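The values are calculated or read from the model by the stated rules, or taken from the named source; none is laboratory data. Just so you know, these numbers come straight off a predicted model, no measurement behind them. Neighbour counts are summed over all protein chains in view; Cβ atoms, including those assigned to glycine, are modelled from backbone coordinates with ideal geometry.
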Amino acid sequence: MTSRLEVAIRKQLDGFTLDVEWSAGDGVAALFGPSGAGKTLTLQCLAGLVRPDAGRIVLGDDVLFDAAAGIDVAPQRRRVGYVFQGYALFPHLTVRGNVGFGLRGRARAGRRRREEEVLARLGLEPYAERYPRELSGGQRQRVALGRALATDPALLLLDEPLSALDLPLRQALRDELGAILADWGIAAVLVTHDLTEAYRLGDRIVVYEEGRVIQAAPRAELLWRPSSRSVARIMGIRNVMQGVTLKATADRIQFRWRGQVLEAVNSPSRSYLPAPDSPLAFYIRPEYVRLLRKDRAGLDGVHHMNLMSGTVVREVDLGTSWTLFLRLDEPGPPAQGEYDLELEVPRLVYEILEIDRDRHWQFSLHRGAIHVLPSA
Amino acid sequence: MSATALNALVGIPIAYLLARRRFWGRNLVDLLVTLPLILPPTVVGYYLIVLLGRRGVLGAPLYRATGFTVAFTWYAAVIAATVMALPLLVRTARAAIETVDRDLERAAFTLGRSELRTALEVTLPLARNGILAGLVLSFARALGEFGATLMLAGNIPGRTTTVPLSIYTAMQTGEDAEALVLVAVLTALSCVVLIASNRLVARPA
């Protein structure tokens, strides 16, 4: 991957410091993290609307900002398109006026041609003479994209483009946005606090927390192998816990947790080899905990890995599935407050096993379902 | 009318700068522009004489250079009215400019507009109603200006007499009927102006 965009910036504000470094190639980089983590501030630095205190921003062959060299290209000359949160369409201009706003300075005929081209490509021709307040949320999104794309920017910045919409529309427009970005083939940086959005739209995901980048990785790697405990927490991964290492090899890690000896697969791409007796963090996806049927116990003769037993202490009906909170049959305080493990079972399984009647269960975990996280 | 035009020329840029820029002396400018609203008009008039009179800080050099002095001329009436009406315009216009979404201006920047072009094409058009309301109010204030005008421009019939000054003169000389007519006209005009300005402020841009 050739890196198209290189960002290394520092900006000190009242009670907040942004200090980030990441790079991205062609395609979409999603800046993901909770509100107030510095994602929008990063976009504003990229666009030249906010001047960093130190650092360097390089886009392709152009240095946009370099504090050491005294370079700070004005936002007007950065060739960066910006889609603002809430879109920031000019309310006093028509759709055509908005889309053509960045084309001033071109010859009238050329400007007109480009307007038509952009309007047609985004399916906006029927609305060309309407004002923003007369448009639906989806149409507004397209106008905002059209306005930013009309000038052929080298990079497109999108700040929470879907946050102004309610849920059903949001999903539809997320897919539409993805299709438009793919169609125009433009390099983009997208800010979002929604993991699904980051995952659907981003080729690369940069995870922000409190003004820092805690992981930047291609999306598949991030979701399945978050690099640290904080990444797992920010991504809303449940059952993040801590154990004590027994033995670590290139392909297996054994550790002790709540009186059990558990075995997990070590990541083949970047093996993590903690010393014996050192603490390690791991997580278990709730949907990968396997309840053992009592009527078949001992019958199937399968060797169950990471076998444990416990009691359901709480449950939540999620409609198509149930979330169960299990407490192990072990003395001592449970790992997560009143329970040790959260697991999720499909509704059908819940009904067949009659979990509402029977609260004590044996369960197992395949070693591939336990993900060890390098502590951070 | 001249006072209103001068007001627009001076007041709108001041309102924009106060709303959008953080510059050294910003609070001082804010204070100076607002003072005429609070001070007795005669005090403002006094300061204007100190500043622009024949022996004033600015007036003296001007008189030496050109033999012309502002005091007791038609210009004096215009300047006095402008200064007195400026706070109303600046305050109203500034509030209107501050309500314009900054992201709209940022969008204009990323689309290649300079700050001046952005102000002319985006900010001011969107603050238009508030600015118009401010102009209407300041027009009414300028029309009704009495104290500062009397101080700087005097009350020379046909040259520096404003409507309130005429009313004063009419009362003093016992021409009650003429005073009544002028009072009625000024009251009616003020009502119209207030209604117009309220409507402008209430209307979305």
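Quick notes
- Identification of strands (runs of 3 or more DSSP E) wholly contained in the stretch A:291-376 with 2 or more residues that are within 26 Å of A:GLN254 (Cβ to Cβ) and modelled with pLDDT of 85 or more yields A:308-317, A:321-328, A:341-346, A:360-364.
Yes/no per residue for (1) away from chain A (no Cβ under 14 Å); (2) small (Gly, Ala, Ser); (3) farther than 16 Å from B:GLY11 by Cβ:
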site	(1), (2), (3)
B:VAL70	yes, no, yes
B:ARG113	no, no, yes
B:ARG117	no, no, yes
B:VAL136	yes, no, no
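- The residue list A:VAL28, A:VAL80 contains one member that is touching a residue at least 60 places away in the same chain (Cβ under 8 Å), β-branched (Val, Ile, Thr) and within 14 Å of chain B (Cβ to nearest Cβ), which is A:VAL80.
- Taking the stretch B:1-120 and the helices (runs of 4 or more DSSP H) fully enclosed by it, the elements with 2 or more residues that are under 18 Å from B:ALA153 (Cβ atoms) and out of contact with any Gly (no Cβ under 7 Å at 6 or more places or on another chain) are at B:2-20, B:41-52, B:59-66, B:74-98.
- So A:LEU157, is it more than 12 Å from every other protein chain (Cβ to nearest Cβ), within 29 Å of A:LEU46 (Cα to Cα) and not in a loop (DSSP other than H, G, I, E, B): no
- Taken together, the residues in the stretch A:154-176 that are buried (at least 20 other Cβ atoms within 10 Å of the Cβ) and modelled with pLDDT of 90 or more amount to 6.
- Within the stretch A:31-66, restricting attention to residues that are of a type in the set (Gly, Ala, Ser) and more than 21 Å from A:GLU210 (Cβ to Cβ), the residue that is nearest to the other protein chains (Cβ to nearest Cβ) is A:ALA47.
- Qualifying residue in the stretch A:130-146 (condition: touching a strand residue (DSSP E or B) at 6+ places or on another chain (Cβ under 6 Å), under 22 Å from B:LEU124 (Cα atoms) and within 14 Å of chain B (Cβ to nearest Cβ)): yes
- With a requirement of 3 or more residues that are crowded, with 22+ Cβ neighbours inside 10 Å, the strands (runs of 3 or more DSSP E) lying completely within the stretch A:52-127 that satisfy it span A:80-83.
- Residue among A:ARG357, A:ARG327, A:ARG347 that is surrounded by fewer than 14 Cβ atoms within 10 Å (Cβ to Cβ), closer than 21 Å to A:LYS294 by Cβ and touching a Phe, Trp or Tyr at 6+ places or on another chain (Cβ under 7 Å): A:ARG347
- Exclusive hit being of a type outside the set (Gly, Ala, Ser) and farther than 29 Å from A:GLY178 by Cβ, set A:VAL73, A:VAL80, A:VAL95: A:VAL73
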